[in-house]
Every structure is written in structure tokens, then in C-alpha cells.
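Visitor: Got a structure for you, written out below as C-alpha cells; questions coming shortly.
Only the coordinates and a few stated rules stand behind these numbers; no lab work does. Fair warning: this is a prediction, and the values are worked out from it, not measured in the lab.
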Amino acid sequence: MLERETRDTTYWLYGLIAVSLINIVFDYSIADRSIKNTDYASLSSFQDTFGLVYGIFYFGSFVIVARWIYLAAKVNRDAGIEGLNYSPLSCLWWFAVPVMNLWKPYFAMKEHYLARLQCSSFPSVNAKTTFRLWWASFLAFGVLANSSYSRTFTSGEVVTTITNSALFSIASGIALILSSLALIKIMRQFSEGEE
């Protein structure tokens, strides 16, 4: 069940991790050059071009992961598991409901994960930690990415603003990588039906 989809989604997430690492290196270079007051235009223009590749992996990963989450919930429903509170479609639309998207997607994934493993609670501290890491780093990514993109040049200190924006972008990239790695582990355990 879901072996091919899990494999494909995992490959896509590894691609996202790779482009995130490259983006972190670029952001670090920009922050480092800004601190030294050197011209960062050449790095910035290359990063703009690289941004297209990053954008494809970034937005594509949301589509691919959403498809996997839907199919995972559908596998449980099709297996006749009773007592599930989250339908395959509701597992996705909770991500789009403001405020509720802070916890409902976590509980939906947790419910289907535990149902697949045929447990009423996490089978180990490791599984619980992986789930918490996935969700905490996913939320941290959202906050940090928003902070990175909302930096403005109103202070008049362009160098400081560029450095701060790059540092927020680095932190959001690290959070995205942690979230992706934890999700890969969750998907594999779900697909195998065991921890």
C-alpha cells in the first residue's frame, strides 16, 4: 500500500531538501557579504534565477505531499477502519482553515498514522518525537518564512535589513529541512505499517 507514492514523495522531498540547502548557502553568502559591506548583486542575481527552481520544488512539494496525505487517509478508509474522525478530504482542508490549521492537520495525520499502525497511542517515544518534530518545525518554517519575506527597507539601513532577511531565510530553510526529514520518516512508517 502506498509504496510507490511514498517513494515518489520521498524523492521529491529529498529534492526540496537539496535546493533548500543550496538556498541556505546563498543566503549565508548574502548575509556575510552584507555584513562586510561588499557588493552582493552577483549573488543576488544568481539567487533570483535559482529562485525559480526553488519555487518549483517548494510549491510542488505541497501538491505532492497533499496527494500523499489524501491517499494515506483513503487507504485507512478503504481498509474499513472505523472510528476515524478525519476523512481523506478533511485531512487536507484543515491546512487551509486559519487558526485551526495550527493543530487540526497534526491531529488528522496522527489519527491516520495510529490507525495504520493499529495503535491507540504512539508505539514509542521515538514516534512521538518524530511527529512533534515534524509539526513544530513545519509551524516554525511558516513563521520564519513569513518573517523573512516581510522584512522591509523602512529603517533606512539596507545592509542590516538584507542581513536580517537572509538570517530569517536561513532559519526557515533549516526548519523546512527538519520538517521534511521527519515527514519522510512518518511516511515510510505509515507505508510499511510499522514503526
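Visitor: Just to check I understand the Karplus step: with θ = phi - 60° and J = 6.51 cos²θ - 1.76 cosθ + 1.60, what whole-Hz values come out for segment 9-20, glycine and proline as x?
Guide: 5, 4, 4, 4, 5, 5, x, 4, 4, 4, 5, 5
Visitor: Still on this structure, please answer the following. What value does segment 62-122 have for Rg/Rh, both radii from Cα atoms and Rh as Kirkwood defines it?
Guide: Dividing the radius of gyration by the Kirkwood radius yields 0.96.
Visitor: Using the Karplus equation 6.51 cos²θ - 1.76 cosθ + 1.60 (θ = phi - 60°), what ³J(HN,Hα) coupling, rounded to whole Hz, does each residue of segment 180-186 give in order, writing x for Gly and Pro?
Guide: For segment 180-186, the Karplus curve yields 5, 5, 5, 5, 4, 5, 4 Hz.
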